[in-house]
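Comments concern the structure below.
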Number of protein chains: 2
Amino acid sequence: MHEVAELAGVSRMTVSRALNHPEKVKEKVRQRVFDAVSQLGYVHNHLARSLSSSKSNVIGLVLPSLENSIFSATVKAISDVLRPAGFQLMLAESSDDPKDEEIVISNFLAQRVAGLVLHSTRHSPAAIRMLRGANVPVVENGDMPVDPIDMVVSYSNRAAAKAMTLHLARMGYSKIGFASLANPRATERQLGYLDALAEAGLAPDPRRIVNVSRGFGGGAEAIAHIEHVAPDTDALFCAGDVLAVGALLECNRRGWAVPGRLAIASFDDLDLLRHVNPAITALRLPRAEIGRRSAEMLLARIFEREIPVQSVDLGFEIVQRASS
Amino acid sequence: MHEVAELAGVSRMTVSRALNHPEKVKEKVRQRVFDAVSQLGYVHNHLARSLSSSKSNVIGLVLPSLENSIFSATVKAISDVLRPAGFQLMLAESSDDPKDEEIVISNFLAQRVAGLVLHSTRHSPAAIRMLRGANVPVVENGDMPVDPIDMVVSYSNRAAAKAMTLHLARMGYSKIGFASLANPRATERQLGYLDALAEAGLAPDPRRIVNVSRGFGGGAEAIAHIEHVAPDTDALFCAGDVLAVGALLECNRRGWAVPGRLAIASFDDLDLLRHVNPAITALRLPRAEIGRRSAEMLLARIFEREIPVQSVDLGFEIVQRASS
DNA sequence: GAGAATTTTGATACCGGTATCTTTTTGAGT
DNA sequence: ACTCAAAAAGATACCGGTATCAAAATTCTC
């Protein structure tokens, strides 16, 4: 920057101003500075800027898993809001482990991120202490937490799972099974499923509740489990990722009629669900909207604008299709 | 840090050393420093560290699209290598537009990233100039480029597409179609497809080459195109993402026998391809390995270790399944 | 136990910007 | 032309660390 200043015949301060608040510098001088910048190929140093002004332009995002395609819509939406505002996105993975998340958060704080998005609502006490102490805007995403750290943009896993289960019950299914992964969000969903059974007057049956592994294979596991342990199950609510597709494909393979032999419903409305045969009934969750709102709320907080609400429940929608 | 130093009764320099090179500080003093750190909840400032030492611990990653699940394996692998080494990942999207990429790169350079991974081999001249000038280690990923900026870890789109097309030809298909998106990698793949036709002595037929849109819908578009324009096509090579699945599902819907009426092959071996019926023949690309090696090469360069090769072609593998 | 070699600690400058306050320039009003 | 307020530019200190070299403490040698 020093060289730019010399070449333009002004002080470093003027260069800084020309770059950050062009309107504060006279047209002629500004032009000289810009010329010098491009002539020297000068690249602004955001590190120094952030350090000096204690204002960073990086937002940290913590996801449970980097491999899960479900999050890509959220990431994309966040990035789309952040970029025009001149912010960068930093990414890390918590593996749904509060201890890992704590490390990741502490790294982000060390980078002096301007804000954080956490796709998780379970945090270690130390992590919460750090975040509260750091006075950094935080948005939580994965669920509606009981005791939010700061801001929240999400839907309620429990409410959504309950709604879908009730929907199945209303369609006449009475032996509804539940398949999910083992993570905090799945646990909430299971509670919602049980809520719904109770409300519909159906007896919960542990035989119909199954934990499976990730991916399409998990869906097949669920079907195998049902055949083995509770063959009279008439509907299966797959509360995770691509489980429903895996289950459907496995049914196709076995020649089970869907929904005749077994109805299938999914927790998340992947594009794929519309294209398989039969198309799968699903909960549509506002993944992109969550990202957009999260980023907007962060920016509002960073620029010290008023934010209307601290906590936004974006809800969900049931999309009834042929599989149920 | 000043307060930590006071509380521990040492100089700031000693605190810095205790944190960065613990072995350079006497056991007793080190302990006092650590105690002070945790007592005060001190969070190291990486910004200041990077500025002062001109060594950043952030790696920039530029992807063509943040929505595409294909990249998640690569991202995950990069992150897994970077994290233990104390590096953070910064993410941005180029939309396959060299101009957008240029902006993103310039932002990353402004953040003084320690290294860059570019999942693209098409760059604007200005971007190349910046990168060469910045003296930052760069790995390119999406293809084997003719004129690499620095390091390369990839496979060759052209070679892979050629291999798959030849594979289909050898299996006896002679009217092979090609469906792809419109992006630089797809263009290379099309060249490979044409290479193969020439080598197999098959006449290329523009009616069998179709550009489609992203997602499962694109596969359906391809099938519709074939029925309309070149119904005698006996095999379709889908050179992009989930196209093959979309095509297969559309065939199922129409009752076309696969591979009887039309064989289908995919460019990328998504997990899904193994689970649909029939399972789809595919090119297996070393997505995770690419991420791992890219990150390792960057780290090697950053730590000034010798790197054995500048350019790594990790190749590909043809997985023959029921769809062809 | 003196002196040399080595290890540990500290003092100081600087990384590359911006905040803040001061000085200079500009220009409007009379 | 002169005054004075406002706008533009500059001087200086500092953001929070680390590099570097000097000083102090420790260990080793004979």
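The values are calculated or read from the model by the stated rules, or taken from the named source; none is laboratory data. The model shown is predicted, which means the values in this text are computed figures rather than measured ones. A quick note on method: Cβ atoms are made from the backbone with ideal geometry, for glycine too, and the neighbour counts reach across all protein chains shown. Protein only, heavy atoms only, side chains kept; ligands, DNA and RNA dropped before computing areas. Shrake-Rupley method; radii C 1.70, N 1.55, O 1.52, S 1.80 Å.
Can we say residue A:37 is within 16 Å of DNA strand D (Cβ to nearest atom) and either at pLDDT 95 or above or crowded, with 20+ Cβ neighbours inside 10 Å (or both)? In short, yes.
The set of residues from the stretch B:87-104 being within 10 Å of another protein chain (Cβ to nearest Cβ) and open to solvent by less than 40 Å² (accessible area, probe 1.4 Å) comprises B:87, B:88, B:89, B:90, B:91, B:92, B:93, B:104. Only residues that are under 21 Å from the mean Cα position of the chain (by Cα) and more than 19 Å from residue B:142 (Cα to Cα) were counted in the stretch B:185-215, giving 2.
Residue A:14 fails exactly one of the following numbered conditions: (1) open to solvent by less than 60 Å² (accessible area, probe 1.4 Å); (2) away from DNA strand C (no atom under 16 Å from the Cβ). What is the number of that condition? Looking at each condition in turn, residue A:14 falls short on (2).
Restricting attention to the stretch A:216-225, which residues are touching an Asp or Glu at 6+ places or on another chain (Cβ under 9 Å) and either closer than 14 Å to residue A:254 by Cα or away from chain B (no Cβ under 14 Å) (or both)?
Within the stretch A:216-225, A:219, A:220, A:221, A:222, A:223, A:224 meet the criteria.
Annotation note: Cβ proximity below 6 Å between a residue of the stretch B:24-44 that is more than 16 Å from DNA strand C (Cβ to nearest atom) and a residue that is open to solvent by 80 Å² or more (accessible area, probe 1.4 Å) and in a helix (DSSP H, G or I) (sequence gap 6+ or interchain) occurs for B:40/B:3. Of the residues B:126, B:196, the single one that is open to solvent by less than 50 Å² (accessible area, probe 1.4 Å) and within 27 Å of residue B:92 (Cα to Cα) is B:126. Taking the criterion of being in contact (Cβ under 8 Å) with a residue 60 or more places away in the chain and more than 8 Å from chain B (Cβ to nearest Cβ), the residues of the stretch A:105-115 that qualify are A:114, A:115.
Residue count for the stretch A:47-80 satisfying the condition of being within 10 Å of chain B (Cβ to nearest Cβ), open to solvent by 30 Å² or more (accessible area, probe 1.4 Å) and not aliphatic (A, V, I, L, M): 7. Screening A:180, A:213 for residues that are closer than 21 Å to residue A:120 by Cα, small (Gly, Ala, Ser) and in contact with a helix residue (DSSP H, G or I) (Cβ under 6 Å, 6 or more places away or on another chain) leaves exactly one candidate, A:180. In this structure, is residue A:124 more than 18 Å from the chain's Cα centre (by Cα), within 14 Å of DNA strand D (Cβ to nearest atom) and either on the phi < 0 side of the Ramachandran plot or not aromatic (Phe, Trp, Tyr) (or both)? It is false that residue A:124 is more than 18 Å from the chain's Cα centre (by Cα), within 14 Å of DNA strand D (Cβ to nearest atom) and either on the phi < 0 side of the Ramachandran plot or not aromatic (Phe, Trp, Tyr) (or both).
Taking the stretch A:232-324 as the region of interest, the strands (runs of 3 or more DSSP E) fully inside it that hold 2 or more residues being open to solvent by less than 20 Å² (accessible area, probe 1.4 Å) are A:235-238, A:263-266, A:281-284.
Close Cβ contacts (under 8 Å, 6 or more residues apart or on different chains) running from residues in the stretch A:269-286 that are facing another protein chain (nearest Cβ under 10 Å) to residues that are in a helix (DSSP H, G or I) and surrounded by fewer than 16 Cβ atoms within 10 Å (Cβ to Cβ) comprise A:277/B:253. Exactly one residue among A:244, A:263 is in contact with a strand residue (DSSP E or B) (Cβ under 9 Å, 6 or more places away or on another chain), more than 14 Å from chain B (Cβ to nearest Cβ) and within 23 Å of residue A:197 (Cβ to Cβ), and that residue is A:263. Evaluation of residue A:223 against the conditions (1) without any contact (Cβ under 8 Å) to a residue 60 or more places away in the chain; (2) within 23 Å of the chain's Cα centre (by Cα) shows that the sole unmet condition is (2).
Selection of the stretch B:167-185 for residues being of a type in the set (A, V, I, L, M) and in contact with a Gly (Cβ under 6 Å, 6 or more places away or on another chain) yields only B:181.
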